[in-house]
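Structure, as structure tokens:
What follows draws every value from the coordinates through simple rules; no lab data is involved. All of these numbers come straight from a predicted model, not from anything done at the bench. Cβ placement follows ideal geometry from the backbone for every residue including glycine, while neighbour counts extend to all protein chains displayed.
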Amino acid sequence: MQLLDNPIQEYAWGSHTVLAGFLGRPVPTEAPQAELWIGAHPAAPSRLPSGQALGALIDADPEAALGPASIAAFGPRLPFLLKVLAVAEPLSLQVHPDREQAERGFAAERRPAGDPARNYKDSWPKPEILCALTDFHALCGLRDPAESAELLGRIPALAPVTALLAAGDLRAAFEALLTWPNPKDVVAEAGAVAPEPYASLAARYPGDMGVIVAMLLNEVRLRPGQALYVPPRRPHAYLSGTGVELMAGSDNVLRAGLTPKHVDVPELLSVASFEPSPPGVVEPEGRTGPVRGEDVYATPAPEFRLSRLDAARAPVLPAAGPQLLLCAEGSVRLRRDGRETELSRGDAVFAGHRGGPVEVTGSGTVFRASLPVRE
């Protein structure tokens with residue numbers, strides 16, 4: 001096992017207190033801290049006590065770190081990325097590509113790395129699941145078009161879009177909103193008549209048609225311990241709260257609004273799904289199998305599996321593929337091959353494929369990122 005030093009990403013929507021408090025550091029911070037990254041993504045890799053990047057450890061002996069099954073499925077790289085998100089202000093309304101779209105988009109990408117107008121940073125899909133640590137507010141998946149037509153019907157200027165929704169044409173409605181010629185007045189009108197959270201979004205993002213696009217999505221409120229699964233192509237936005245997020249190891253984002261960043265409408269329309277869908281709330285499933293004290297957040301994603309461990313029940317984790325273990329509450333002790341590692345809140349380790357089982361004891365909660373179990 002390798003204890004990890006994990007980087008923090010400073011984005012404008014982050015918090016000045018949440019992540020610092022989670023890590024036991026002084027608050028408030030000078031800059032807003034948005035995401036704690038735990039993994040081997042080259043944009044912000046975790047590092048070992050020696051200073052070596054986790055990706056370099058994996059590159060030195062992929063089979064020992066990942067195991068043959070992971071390499072066969074995903075190549076010699078860690079297939080998932082674990083994060084802690086501190087959402088103090090809304091994130092952009094966005095979608096992520098599926099595998100075929102990401103591979104095609106990355107191959108066709110002509111903008112240089114670092115260009116803010118670049119759509120594809122890598123060739124990977126980006127399904128993700130977020131487990132709430134606090135009450136968490138989000139928008140996810142397109143609601144029934146009749147419901148959206150009723151909501152947008154309060155705004156007379158949007159009558160043409162309301163007609164498209166009444167006819168069930170979500171894609172055409174989406175495109176009409178994103179290409180609206182004079183957004184400032186209609187967003188202000190929406191802010192005056194729309195319910196929350198859309199009125200607040202209109203005040204925060206004047207003139208941004210993403211405010212009205214957001215009205216086409218399901219509103220989701222998670223309680224601590226509930227999770228939200230976001231498959232590729234599903235429009236979504238996180239509005240507030242703190243959570244543990246696990247995703248495929250990608251940084252591909254296509255934005256639809258609620259942001260000053262680049263919005264590529266044609267590419268977004270080619271990637272997003274316009275089928276109405278429920279928001280994808282996932283309840284933890286207690287297991288009766290070999291890992292006691294483990295609650296699993298089941299998803300169809302092949303790149304990852306998120307679970308939550310109760311250290312007081314002394315779970316024993318099998319050595320099968322790569323694992324990231326994050327202590328989210330209390331304190332825990334990990335024992336593997338005769339070596340012990342102590343974790344307190346905010347600490348994380350990487351456990352490679354090669355080695356014995358990992359014994360977990362203590363009085364805390366651990367989130368485990370691993371590969372799906374084939375049963």
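As a proxy for reagent exposure, Arg335, Arg354 were ordered by neighbouring Cβ count within 10 angstrom, fewest first; the result is Arg354, Arg335.
In order along the stretch 301-315, the Karplus-derived 3J(HN,Hα) couplings, from 6.51 cos²θ - 1.76 cosθ + 1.60 at θ = phi - 60°, round to 5, x, 7, 7, 8, 9, 9, 10, 10, 9, 4, 5, 8, 6, x Hz, and Gly and Pro are given as x. Normalised by the number of residues in the stretch 46-116, the average gap of Cα pairs under 8 Å and 6 or more apart makes the relative contact order 16 percent.
Legend: Rg and Dmax of the chain, from Cα coordinates, 21.3, 70 Å. Principal axis extents of the C-alpha atoms in the stretch 141-218 (largest first, rounded to whole Å): 29, 25, 20.
Our helix-only sum for the chain, with -39,500 (n - 2.57) per DSSP H run of n ≥ 4 divided by its residues, gives a mean residue ellipticity at 222 nm of -6000 deg cm²/dmol.
For the pair the stretch 1-63 / the stretch 213-239, the C-alpha centres are spaced 25 Å from each other.
By Kyte-Doolittle mean hydropathy of at least 0.5 and Cα axial length of at least 30 Å, which whole DSSP H helices of the chain are selected? The answer is none, since no helix passes both cut-offs.
With a cut-off of 16 Å on the backbone N, the residues of the stretch 71-110 near the modelled label site 7 Å out from Arg118 along Cα-Cβ are 102-110.
Pairwise inverse Cα distances across the stretch 1-98, averaged and inverted, put the Kirkwood hydrodynamic radius at 15.0 Å. Listed by chain and number, the aspartates and glutamates whose C-alpha is less than 14 Å from the C-alpha of Lys126, apart from same-chain residues fewer than 8 away, are Asp98, Glu100, Glu103, Glu245, Asp251, Glu303. Ordered by the number of other Cβ atoms lying within 10 Å of each residue's own Cβ, fewest first, Glu267, Glu10 fall into the sequence Glu10, Glu267. Using 0.36 nm per residue and subtracting the Cα-Cα separation, the extra length available between Glu63 and Asp135 on full extension is 22.0 nm.
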